[in-house]
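Heads up, the thing below is written out as structure tokens.
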Amino acid sequence: MANKAGAKLRIAVGTDHGGLPFKAELLPWLKTQNYDVLDLGAYNYDPADDYPDFAEAVARAVTSAKAERGIIICGSGVGACIVANKIRGIRAGLCHDTYAAHQGVEHDDMNVLCLGARVIGIEVAKELVKAFLNAKFSGEERHSRRLEKLKAIERKAFTH
């Protein structure tokens, strides 16, 4: 998949120990799908690692334009999603079905996908990633209007 400039779409991927087996399967698969992958850890199994560290790294890679999109994996996906959404400019969604994975991008301009490795299987994860990465923000007036409202709320939240 290519970005607007025609280069491979760069995807930042991060996981704690709970999602490490998923990442081990997803990274090679993403490369076969013609994506440029930025691996932000974990690199080894460490039950004492913490999902906020990896979620923040992925979110910051997206907001700094080191990657166009991000994927964060933890046990349930919930904690990773909460952390990512604390970073200004991130619109992360926890998805367990393909409709939410593509609709989150098309309607809400979601830029980070969160997955729960203890909730779904690897084949479902691949389908979710495919739906997320192939989707484009629609730009329809109603979606753009809602996105601007979301951004206004975010600006207020970061000024108080």
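Any read-out appearing in this document is the output of simple, stated calculations on the displayed coordinates, not a laboratory observation. Every value quoted in this text rests on a predicted model; they were computed, and no experiment measured them. FYI the Cβ positions are ideal-geometry reconstructions off the backbone, even for glycines, and counts take in every protein chain you see.
Quick look at the numbers
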quantity: Residues of segment 82-103 that turn out to be part of a helix (DSSP H, G or I) and buried (at least 23 other Cβ atoms within 10 Å of the Cβ), as a count; calculated: 3
quantity: Any hit, segment 104-124, residues being among the basic types (K, R), more than 21 Å from G19 (Cα to Cα) and in contact (Cβ under 8 Å) with a residue 12 or more places away in the chain; calculated: no
quantity: Matching option when the condition is within 11 Å of the chain's Cα centre (by Cα) and either surrounded by 20 or more Cβ atoms within 10 Å (Cβ to Cβ) or in a helix (DSSP H, G or I) (or both), among A67, A57; calculated: A67
quantity: Lone unmet requirement of (1) buried (at least 16 other Cβ atoms within 10 Å of the Cβ); (2) touching a helix residue (DSSP H, G or I) at 6+ places or on another chain (Cβ under 8 Å); (3) part of a helix (DSSP H, G or I) for L113; calculated: (3)
quantity: Pair list, Cβ under 8 Å, 6 or more apart: segment 125-142 residue among the polar types (S, T, N, Q), other residue part of a loop (DSSP other than H, G, I, E, B); calculated: N134/M1
quantity: Answer residue from segment 24-54, given it is among the small types (G, A, S) and in a loop (DSSP other than H, G, I, E, B) and is farthest from I11 (Cα to Cα) among those; calculated: A48
quantity: Checklist (1) at positive phi; (2) touching a strand residue (DSSP E or B) at 6+ places or on another chain (Cβ under 7 Å) applied to G139, failing item; calculated: (2)
quantity: Restricting segment 70-79 to residues that are of a type in the set (A, V, I, L, M, F, W, C) and under 15 Å from I11 (Cβ atoms), the residue that is surrounded by the fewest Cβ atoms within 10 Å (Cβ to Cβ); calculated: I73
quantity: Given (1) in contact with a helix residue (DSSP H, G or I) (Cβ under 8 Å, 6 or more places away or on another chain); (2) of a type outside the set (K, R); (3) surrounded by fewer than 14 Cβ atoms within 10 Å (Cβ to Cβ); (4) closer than 23 Å to H17 by Cβ, number of the condition L150 does not satisfy; calculated: (4)
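Quick grid of which residues meet (1) hydrophobic (A, V, I, L, M, F, W, C); (2) under 15 Å from the mean Cα position of the chain (by Cα):
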position: D46; (1), (2): no, no
position: D53; (1), (2): no, yes
position: A61; (1), (2): yes, yes
position: G89; (1), (2): no, yes
position: A92; (1), (2): yes, yes
position: F137; (1), (2): yes, yes
position: R142; (1), (2): no, no
position: R146; (1), (2): no, no
